[in-house]
Amino acid sequence: MKILITGSNGQLGRCLQDRTGHYDFEVVAVDVDKLDITDQSAVAPFVHQHKPDLIINAAAYTAVDKAETERELAVQVNEVGPANLATLCAELDIPIIHVSTDYVFDGLGITPYRPEGCTAPQSVYGETRLAGESAVILATAKHVIIRTAWVFSEYGNNFVKTMLRLAAERDTLTIVADQYGCPTYAGDLADAIVKIAAEMQVDSGWSKFGVYHFCGEEATSWHGFARAIIAQACQLGLLERKPVVLPIATKDYPTPATRPEYSVLDCSSFPVEGIERNWQSSLETVLESLKRD
Ligand SMILES: NC(=O)c1ccc[n+]([C@@H]2O[C@H](COP(=O)([O-])OP(=O)(O)OC[C@H]3O[C@@H](n4cnc5c(N)ncnc54)[C@H](OP(=O)(O)O)[C@@H]3O)[C@@H](O)[C@H]2O)c1
């Protein structure tokens, strides 16, 4: 099976490349420097030339706060880009796996959001991601859309790396404690996606298309996540001293984009089983990898 991975330099893109190597896949992995998904005049000939059997779209505009003032760019990458890819998938009659976000929901829930639950994004980022989902769904029935949340990994920039940097610089960290969600290791998400691809490879009639959720299995606050990062980092000797981590309220840390207060995702309908979702143990893997670097 030949797989085209877009956004290959991002956290998920890098983890996907690590994991597809263990399978009998031919992988074409490209980021914006080689394939700008917003440019259909480049995407169409590229896809026709490489003739993939599956496209995994890991490309996204992920700067949540900047999106508030860069709407057009966010629309291009998060809506037009996925539409371009999905249209080509329809033409070639191949599936697309597209990744989306918990920010499509209003964040006011009190029980985990199910994939079929009502969407009501509260930010430009969330709006553009939801529009991207709709564009994919409209273009082709052969879509797997996976919403995820609070992604971390050994690659790129993320909350784990920010906490390690701040912890090395400061004696006290103040972290938002009234937003709840589920940290997700990009490597676990990549495992989940690759397992779906492997099923598609052996079953040409694979039919579990639809919208799904995948995130780490235990909800916490950003404050809880920060405490876990710092405790594990100290245990591994990645930090020389342990800063105090104090809880603060969202109102004390204003940001341009509204963050969901509650964005726990119900992953019970996910189409493949046996994927690691214990973010605490994946966090240890990531910290060990950062320690080796
Ligand atoms: N990170 C999170 O906490 C989080 C939470 C919920 C959902 N998600 C979703 O999970 C998926 C993977 O996220 P991630 O953390 O791996 O994101 P990421 O690290 O920001 O990676 C996204 C990649 O897409 C690339 N890209 C941007 N514009 C592009 C374009 N026009 N054409 C092709 N590639 C382009 C980026 O390149 P540049 O860096 O050069 O722009 C980057 O390499 C995304 O769909 C994201 O929305 C992430």
I'm trying to understand the selection: among the residues of segment 243-258, which are surrounded by 13 or more Cβ atoms within 10 Å (Cβ to Cβ), at pLDDT below 95 and under 17 Å from T174 (Cβ atoms)?
Y253
Specify which of the listed residues (A228, A219) is hydrophobic (A, V, I, L, M, F, W, C) and open to solvent by less than 30 Å² (accessible area, probe 1.4 Å).
A228
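Do the conditions hold for A63, that is, is it buried (at least 16 other Cβ atoms within 10 Å of the Cβ) and either touching a Ser or Thr at 6+ places or on another chain (Cβ under 9 Å) or assigned to a loop (DSSP other than H, G, I, E, B) (or both)?
For A63, the condition - buried (at least 16 other Cβ atoms within 10 Å of the Cβ) and either touching a Ser or Thr at 6+ places or on another chain (Cβ under 9 Å) or assigned to a loop (DSSP other than H, G, I, E, B) (or both) - is not met.
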Within segment 149-173, can you find the residues that are among the β-branched types (V, I, T) and surrounded by fewer than 17 Cβ atoms within 10 Å (Cβ to Cβ)?
T162, T172
Mind counting the residues in segment 46-73 that are under 20 Å from P256 (Cβ atoms), among the hydrophobic types (A, V, I, L, M, F, W, C) and within 10 Å of the ligand (Cβ to nearest atom)?
4
So, in segment 13-45, how many residues would count as being among the hydrophobic types (A, V, I, L, M, F, W, C), near the ligand (Cβ under 8 Å from one of its atoms) and assigned to a loop (DSSP other than H, G, I, E, B)?
3
Tell me, please, whether a residue that is over 15 Å from I146 (Cβ atoms) and open to solvent by less than 30 Å² (accessible area, probe 1.4 Å) can be found in segment 9-17.
no
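Which one of these is hydrophobic (A, V, I, L, M, F, W, C) and part of a loop (DSSP other than H, G, I, E, B): L290, L239?
Residue meeting the stated conditions: L239.
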Within segment 276-287, residues exposed (fewer than 15 other Cβ atoms within 10 Å of the Cβ) and in a loop (DSSP other than H, G, I, E, B) come out as N278
Go through segment 189-216 and give me each residue that's out of contact with any Phe, Trp or Tyr (no Cβ under 7 Å at 6 or more places or on another chain), open to solvent by 10 Å² or more (accessible area, probe 1.4 Å) and touching a residue at least 12 places away in the same chain (Cβ under 8 Å).
D191, K195, Q201, W206, K208, F209, G210, V211
Screening V202, V211, V244, V151 for residues that are in contact with a helix residue (DSSP H, G or I) (Cβ under 6 Å, 6 or more places away or on another chain) and aliphatic (A, V, I, L, M) leaves only V151
Just to check your reading of the model, which residue among L12, L35 is in contact with a strand residue (DSSP E or B) (Cβ under 7 Å, 6 or more places away or on another chain), over 17 Å from L189 (Cα atoms) and at pLDDT 95 or above?
L35
Total residues in segment 104-133, condition open to solvent by 30 Å² or more (accessible area, probe 1.4 Å), touching a helix residue (DSSP H, G or I) at 6+ places or on another chain (Cβ under 8 Å) and either within 12 Å of the ligand (Cβ to nearest atom) or not in a loop (DSSP other than H, G, I, E, B) (or both)
1
Quick one: which residue in E273, E261, E240 is farther than 18 Å from V160 by Cβ, loosely packed, with under 15 Cβ neighbours inside 10 Å and of a type in the set (D, E)?
E273
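The values are calculated or read from the model by the stated rules, or taken from the named source; none is laboratory data. Keep in mind the model is a prediction, meaning the values are calculated, not measured. Cβ: placed from backbone, ideal geometry, glycine included. Neighbour counts: every protein chain shown. Keep in mind that these areas ignore ligands, DNA and RNA; they rest on the heavy atoms of the full protein, side chains included. Shrake-Rupley method; radii C 1.70, N 1.55, O 1.52, S 1.80 Å.
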